[in-house]
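> Handing you a structure now.
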Amino acid sequence: MTVVRDRVTTRIASPPMRRRFSPLVVVVIGAAIVVALTYTLPPFRTYQLATIGAYLCVTAGLTVLTGLNGQLSLGHGALMATGAYTLALWQNKFNLLAVGIVVAILVTTAVGAVIGLAAARLRGPYLAGLTLAVAVVVPSITSTFDETFNSDQGLSVILNPPPESMTVEQWQAWVCWGGALITVLALALLTRGRFGRDMRAVRDDETAARLAGISIARTQVAAFVVSAACAGLAGALFAVIAQSVSPGAFPLTLSLFLLMAIVIGGLGRLSGALIGAGLLVALPAVAHEIGEAAGSQRLEGNLALTFFGVVLVVVMLAAPGGLASLRIPRRWQFRTKKH
């Protein structure tokens, strides 16, 4: 009887197992939802859906870099610009979109590796200062070499027309969400393995990680390179959506918005990156509507930053872990009674 009682006690005391869905299953379900939405939403909403997919690429990479590895970056807007300009130059010369996106990712990855090597020696505000300098330098390069980048007017992006069976907005949504879902799947598999454990160990305690045989510099550089590749993909997808690239599309405020978005969504959570990507589209859209109603473009630009600041403060007070950390209270959940 004692043995039976012990077994029963152990079974009752043990916490319930949480079901974890396979990343591949989540991606397949997400793809099905996106395809269904592209056939039900109006064109403008489909365009916004495509924009969310492009943003998800960069927010997913940034939340891994900052949330799992603890590196603060204020220069991901510049990395997006690198990918966008690379795709524009490629398309204007070769007009091979799939290859151009890969080239944009590779070029941005190389730039991220250079920045990551320098960032591996810096911490805290020094790292933020370095990435902030990158965010300032990259747009100035496009203005300096105006013969190549066409200065502030930017470059147009040559694209082949989409298939006749779908609209331009549908095609953009499929392309952007195809890249976003592949990015999320790759990051989910990557962070579940040894690389993810190494990043968390370096974030939590560098001394303990070093004693455990983890290379701090190698882990930080690798994390920055992965995040830069995601930003390069996002920039290339934005070039596809806008069909043009200019320095004004990647201002310093974009990097600030990206950082605030992943904090509001939830650092270190890919679901938080999705929430942040949605906010990056929703909040500026609301600010644009209010600015148009007031007849002031200056008000529109300030309102977007104000909305992000207010939402950030409210979320940090209500849910310090971000919106993705919220759970449904037990009293709101359905309970099954045993008879």
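What follows draws every value from the coordinates through simple rules; no lab data is involved. All values derive from a computational prediction rather than experimental measurement. Positions of Cβ are backbone-derived with ideal geometry, glycine not excepted, and every protein chain shown enters the neighbour counts.
> Ranked by Cβ crowding within 10 angstrom, fewest neighbours first, how are MET80, MET260, MET166 ordered?
Ascending number of Cβ neighbours within 10 Å: MET166, MET260, MET80.
> At 0.36 nm per residue, minus the direct Cα-Cα distance, what do SER325 and ASP152 gain on full extension? Give it in nm, one decimal, please.
My answer for the length gained is 58.2 nm.
> Compute the FRET efficiency between PHE145 and LEU41 as 1/(1 + (r/R0)^6), taking r as their Cβ-Cβ distance and R0 = 30 Å, and round to the nearest 0.05.
The value I calculate is 0.15.
> Could you work out the longest stretch of the chain that avoids the trypsin sites (Lys or Arg not before Pro) located in DSSP loops with at most 15 other Cβ atoms within 10 Å?
That gives 124-326 as the longest site-free run.
> Still on this model: Ignoring the sites themselves, what is the longest stretch of the chain with no chymotrypsin sites (Phe, Trp or Tyr not before Pro) in a DSSP loop and at most 16 other beta-carbon atoms within 10 Å?
Result, exposed sites excluded: 146-333.
> Report the local net charge at THR38: Lys and Arg +1, Asp and Glu -1, summed over other residues whose C-beta lies under 13 Å from its C-beta.
0
> Oh, and also: Return the loop-located GluC sites (Glu not before Pro) in the stretch 96-205 (DSSP other than H, G, I, E, B) with at most 16 other Cβ atoms within 10 Å of their own Cβ; answer none if there are none.
Those satisfying the criteria are GLU164.
> What shape does the chain take by its C-alpha gyration tensor, where a ≥ b ≥ c are the square roots of the eigenvalues and a/c under 1.5 counts as rounded, a/b above b/c as prolate, and the rest as oblate?
Note, shape of the chain comes out prolate.
> Can you give me the relative contact order of the chain as a percent, contacts being Cα pairs under 8 Å and 6 or more apart?
29
> OK, next. Given that compact globular proteins tend to follow 2.2 N^0.38 Å, what is the ratio of the alpha-carbon Rg of the stretch 18-82 to that value?
That works out to 1.42 for the stretch 18-82.
> Shape of the stretch 21-144 from its Cα gyration tensor (a ≥ b ≥ c, root eigenvalues): rounded if a/c is under 1.5, otherwise prolate when a/b > b/c, or oblate?
Taking the square roots of the gyration eigenvalues as a ≥ b ≥ c, the stretch 21-144 is oblate.
> Contour minus end-to-end for LEU190 and ALA133, with contour as 0.36 nm per residue of separation and end-to-end as the Cα-Cα distance?
17.6 nm
> Determine Rg/Rh for the stretch 95-144; Rg is computed over alpha-carbon atoms and Rh is the Kirkwood hydrodynamic estimate from the same atoms.
Taking Rh as the inverse mean 1/r over Cα pairs, Rg/Rh reads 1.10.
> Also, I was wondering about something else. Rounded, prolate or oblate, given the Cα gyration tensor of the stretch 140-289, with a/c below 1.5 counting as rounded?
prolate
> To continue, here is another question. At R0 = 35 Å, how high is the FRET efficiency between VAL314 and ILE29 if r is their beta carbon distance? Nearest 0.05 is fine.
0.70
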